Amino acid sequence: MRKPDLGAPPSGRFPVGLGWCKIRRRPMRILPALTVACILALPAQAAPRNDRLWAAAQEATPAAVETLKALVNIETPTREPAGMAQLGDLLAARLEGLGAQVEKIPAAAPAHGSVIVGRFTGTGKARILLIAHMDTIYPSGSLAKRPFRIEGDRAYGPGIADDKSGVAVILHSLSVLKAQGFRRYGQITVMFNTDEEQTSVFSGRIVTDLARKADVVMSFEPSTVGVEIIPRAAAGNGETRVIVTGRAAHAGAEPERGRNALVEAGDIVLKTRDLDDPARGFRFNWTQSTSGTIRNQIPDQAMISADTRHMSKAVLDEKLAQLAERLKTPLVTGTTAKVDYRPGRPGYFADAASNALIDKSVAVYREVGGALTPVPAMTASSDAGFAQLSGKPVIEGFGLPGFGYHSSEEEYVDLTRIAPRIYLAARMVMELSGQ
Ligand SMILES: [Zn+2]
């Protein structure tokens, strides 16, 4: 989770004061989703600090630092089976220790290890999904060069912010809630996945499925040091393919009978370069092409492929429609072209309910003097996008404020924010549970 970026903030808050929210007073008869909706309708003002929770969050800080150290000391590049299995075992044990029923979902290539899912059953209705990822971008051996260390208020180590801090905040928020005897949720599901740094090719579907079974999703990617941002959107990516069909003919004897798919594809490349539109957060660049099977035949097939990134689903749809429109008038008469958009990681765009939760998070963090700054969009993508395919409210950025992830600079987290972040996550679980 990285820099503030493009676009205007999506507008809209959950309407407040709706009559049907009074239904919340009959907790045994309401749908969990309605519970969440009603909570979202509460004004996002700072409430008095929960002193007991705040004390517990502060007391949890040394243990959370130890957890960060343990997590960083297991190297988990996405393609590293041994490290991923070791960390998965550790986290399964930690979740069981907190009282979860743990399921291990073995990953399929190109992922390794197992997705760890822990379920806590409470006495209430709300179903809350907490997600973070185990894998990092750092190859094995990085830890030897840059071992875990603490300097002042910073702890350094490969992947310590992204996303081992998210894992640690989840574990210690749950630990604090357990110590307080808090069980008013219906079910808390925790998911630690294996391949977020590789676009969650394996685990993306698991994220979406778990989100469908939840009422609300909190994602624990890191935030930023200094100004602690919380995003209202994150980029989506994908591949735009155009498949051109023509007619084959002998390239030397009777090329006139052919309909050259390669020439048509070339024309399409030239006449669509201007779809790239960074000012609107849309990147569209042709990167690959294939055509023909042999030199002496006019090709009847060609495929061109463009790397495609969007900050707004509406802009993506508009651009794909423009592309399709331009394909209607071919340069090479008799050829046809078809667009095949293949989504990668979906973008995350906070809807009204998610925006209300973001506002709620800002208010909760203020209870302990924290400042969350909502930003319109992030250039990075995250599993919040997969979670949002469920249609449920999703909020992102609940790991620790960190620096240097995905850069050539050394990665660290701000240790002074551990207690506020544990408080924030735990209080949000309480709010979402209807307390
Ligand atoms: Zn991450």
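Yes/no matrix, rows are residues, columns are (1) without any contact (Cβ under 8 Å) to a residue 60 or more places away in the chain; (2) assigned to a helix (DSSP H, G or I); (3) over 28 Å from the mean Cα position of the chain (by Cα); (4) surrounded by fewer than 17 Cβ atoms within 10 Å (Cβ to Cβ):
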site	(1), (2), (3), (4)
Leu262	yes, yes, yes, no
Ile268	no, yes, yes, no
Thr287	yes, no, no, yes
Thr290	yes, no, yes, yes
Thr308	no, no, no, no
Asp317	yes, yes, no, yes
Leu320	no, yes, no, no
Glu325	yes, yes, yes, yes
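Any chance segment 192-205 includes a residue that's surrounded by fewer than 24 Cβ atoms within 10 Å (Cβ to Cβ), assigned to a helix (DSSP H, G or I), within 12 Å of the ligand (Cβ to nearest atom) and in contact (Cβ under 8 Å) with a residue 40 or more places away in the chain?
yes
Regarding Val227, is this residue at pLDDT 95 or above and surrounded by fewer than 21 Cβ atoms within 10 Å (Cβ to Cβ)?
Spelling it out, Val227 is indeed at pLDDT 95 or above and surrounded by fewer than 21 Cβ atoms within 10 Å (Cβ to Cβ).
So that you can scan it fast, the table gives a plain yes or no per residue for (1) at pLDDT below 95; (2) in the same structural domain as Val190 (by TED's automatic domain parsing); (3) closer than 21 Å to Gly236 by Cα:
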position	(1), (2), (3)
Ser361	no, yes, no
Val364	no, yes, no
Glu367	no, yes, no
Leu372	no, yes, no
Pro376	yes, yes, yes
Ala380	yes, yes, yes
Phe386	no, yes, yes
Gly391	no, yes, yes
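Residue under question is Thr67, and the condition is that it be over 25 Å from Thr199 (Cβ atoms), touching a residue at least 24 places away in the same chain (Cβ under 8 Å) and loosely packed, with under 13 Cβ neighbours inside 10 Å; does it hold? Walk me through how you get there before you give the answer.
Working: over 25 Å from Thr199 (Cβ atoms): yes; touching a residue at least 24 places away in the same chain (Cβ under 8 Å): yes; loosely packed, with under 13 Cβ neighbours inside 10 Å: no.
No.
Every residue in segment 413-435 that is among the hydroxyl-bearing types (Ser, Thr, Tyr) and either surrounded by fewer than 24 Cβ atoms within 10 Å (Cβ to Cβ) or under 15 Å from Arg183 (Cα atoms) (or both), please. Walk me through it before giving the result.
Pass one, segment 413-435, residues among the hydroxyl-bearing types (Ser, Thr, Tyr): 416, 423, 433.
If the condition is that a residue be among the hydroxyl-bearing types (Ser, Thr, Tyr) and either surrounded by fewer than 24 Cβ atoms within 10 Å (Cβ to Cβ) or under 15 Å from Arg183 (Cα atoms) (or both), then Thr416, Ser433 are the ones that fit.
When segment 132-142 is examined, which residues are found to be within 12 Å of the ligand (Cβ to nearest atom) and touching an Asp or Glu at 6+ places or on another chain (Cβ under 6 Å)?
Ala132, His133, Asp135, Ile137
Run Gly159 past the list (1) surrounded by 24 or more Cβ atoms within 10 Å (Cβ to Cβ); (2) on the phi < 0 side of the Ramachandran plot; (3) within 14 Å of the ligand (Cβ to nearest atom) and report the number of the one that doesn't hold.
(2)
The values are calculated or read from the model by the stated rules, or taken from the named source; none is laboratory data. This structure is a prediction, so every number in the text was calculated from the model and none was measured. Every residue, glycine as well, gets a Cβ built from its backbone with ideal geometry; the counts of neighbours run over all protein chains shown.
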